[in-house]
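The values are calculated or read from the model by the stated rules, or taken from the named source; none is laboratory data. If you're wondering where the values come from, they're calculated on a predicted model, not measured in any experiment. Note that each Cβ is placed from the backbone with ideal geometry, even for glycine, and that neighbours are counted across all protein chains shown. Note: areas computed on protein heavy atoms with side chains; ligands, DNA, RNA excluded. Shrake-Rupley method; radii C 1.70, N 1.55, O 1.52, S 1.80 Å.
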Amino acid sequence: MSGTVQAASPRLVFTKTFPGSVPEYVEISVEKDGSTIYKEAPDDNNPISIQLTQADSETLFSLADKLEHFAHPLESGLKVAFMGKKMFRYEDGSPGGKPPEVEFNYSVDPNAQALLDWFERIAESERDFIELERAVKYDKLGVQNALILVESTRDQKRLIAPQQFLPLLDRVTKNESYMHMARERAAAFADEIRALAQPPAGK
């Protein structure tokens, strides 16, 4: 066997702490293959696992590359309102030393803004998922409104990993205990997600 130690796959980690907001804490970790974990507490016992597309994952890591893996400050220094303490960290498994990370409230760096927006979109999508899952389990009359919220995120082109919603949408579609309007909406949404996942005809 070779004595070469294979380098660990890199991971991007984002946290946001904003007392008074909902949620007050967010942590998102993204592997190079797109495997992603979403938490709403450092010791979250029920994290959400999602799978980003390879293209989305590559975009995130490309932005981290442009930011030199967070080796330099990103805080603008401008007098702006507090919008939550954000942190980017790049973990590549290198032995010795702490993984590079950077904290900021507001940055004018376009690459930092773009990367932050990606993480915010993931967080928005998971909040929608949590709300829909809660309604599906405990509030059948609230499913319609929860679906409308997800569709609003989609219409703003901020919905990430829509395939994660399919089990919930199918559950609503197939169960007559939900409102007919909600079942129709869920079925149409599920059809749309599946159609987007299909390769173009003739490819």
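Assorted remarks:
- Of the criteria (1) closer than 15 Å to THR36 by Cα; (2) open to solvent by 30 Å² or more (accessible area, probe 1.4 Å), which one SER125 fails: (2)
- Scanning segment 47-95 for residues that are of a type in the set (A, V, I, L, M, F, W, C), under 12 Å from ALA112 (Cβ atoms) and in a strand (DSSP E or B) turns up MET87, PHE88.
- Residue list for segment 103-159, restricted to those being among the small types (Gly, Ala, Ser) and not in a helix (DSSP H, G or I): SER107
- The set of residues in segment 129-156 that are within 16 Å of GLU40 (Cα to Cα) and touching a Phe, Trp or Tyr at 6+ places or on another chain (Cβ under 8 Å) contains only PHE129.
- Of all residues making up segment 160-175, the number that are farther than 13 Å from ASP128 by Cβ and not in a helix (DSSP H, G or I): 1
- Within this structure, ASP56 passes the test of being within 30 Å of GLN198 (Cβ to Cβ), of a type outside the set (A, V, I, L, M, F, W, C) and either open to solvent by less than 70 Å² (accessible area, probe 1.4 Å) or without any contact (Cβ under 8 Å) to a residue 12 or more places away in the chain (or both).
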